[in-house]
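Down below is the structure, laid out as C-alpha cells.
The values are calculated or read from the model by the stated rules, or taken from the named source; none is laboratory data. Here the structure is a predicted model, which means the values were calculated and not measured. Ideal geometry is used to build each Cβ from the backbone, glycine not excepted, and the neighbour counts take in all protein chains shown.
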Amino acid sequence: MTLQEVNHLLERLVSETTKKSEIKVYEKFLHILNELRTREFSEDEIQSIETELESLNLKSDPENRKNYFNKALKQFKKFLRDTFSFTSKGYYTNLGIALGSSFGVLFGVMFLLGFERSLGISYGISIGLLIGIFVGQYMDSRAKAAGNLI
C-alpha cells in the first residue's frame, strides 16, 4: 500500500465520519504521511515504509474505527522511531516528565528524609519533573535540529 493510497483512504474516512475524536486520529496519521512525503528516501526505505503500511491492514473495516486506527498510528510511529529515528513533537518531553516524576518519588523518599515524608516526596517529584522537562525539551530540540521530528 503506497503512501498515496493511504492518504486517499484517510481523506475519504475523514469526509465520511462526523466524530471529532475519530477525525483527530485520521488527521494525525495524515500529518505524518505528509511529513514523510516531503523527505528524501531511498527505494529500500520507501519499500519498508509501504510494507509496514500494508501490514497495518488499513483497508479493513473494523467496528471501532477510532481504536483500530489509533493502534495502527501508534504502531506506525513506533516503526518510524525504531527504523528511522523519527520522533513526534514532544516525545522526549513526555518521556522526561514520566521518568522525572518516577525518579523524583525515589529521590524524595531516599534523600529528603530531613523533611516530613510527604513533603520530601512532594519536593522530590517537583525536582524530578523540572529536571525531566528540561532534559526532554533539550532532547526534542536536538531531534528537531537533526531533522528527525515529524
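Observations
- Checking each residue in region 20-55 for being surrounded by 15 or more Cβ atoms within 10 Å (Cβ to Cβ), under 19 Å from the mean Cα position of the chain (by Cα) and either in contact (Cβ under 8 Å) with a residue 24 or more places away in the chain or not assigned by TED's automatic domain parsing to the domain that holds Gln75 (or both) picks out Glu22, Val25, Tyr26, Lys28, Phe29, Ile32, Leu33, Leu36, Ile49, Glu52, Leu53.
- Inspection of region 82-90 finds a residue satisfying the criterion of being of a type in the set (Asp, Glu), exposed (fewer than 13 other Cβ atoms within 10 Å of the Cβ) and either assigned to a helix (DSSP H, G or I) or in contact (Cβ under 8 Å) with a residue 12 or more places away in the chain (or both).
- Looking across region 94-126, the residues that are in contact (Cβ under 8 Å) with a residue 12 or more places away in the chain and among the aromatic types (Phe, Trp, Tyr) come down to Phe103, Phe107, Phe111, Tyr123.
- If you go through region 57-71 and pick out every residue that is surrounded by 13 or more Cβ atoms within 10 Å (Cβ to Cβ) and in contact (Cβ under 8 Å) with a residue 24 or more places away in the chain, you end up with 5.
- Among the residues of region 99-133, those that are exposed (fewer than 14 other Cβ atoms within 10 Å of the Cβ) and either closer than 30 Å to Glu35 by Cβ or among the hydroxyl-bearing types (Ser, Thr, Tyr) (or both) comprise Ser102, Ser118.
- So Lys89, is it among the charged types (D, E, K, R) and more than 24 Å from Glu5 (Cα to Cα): yes
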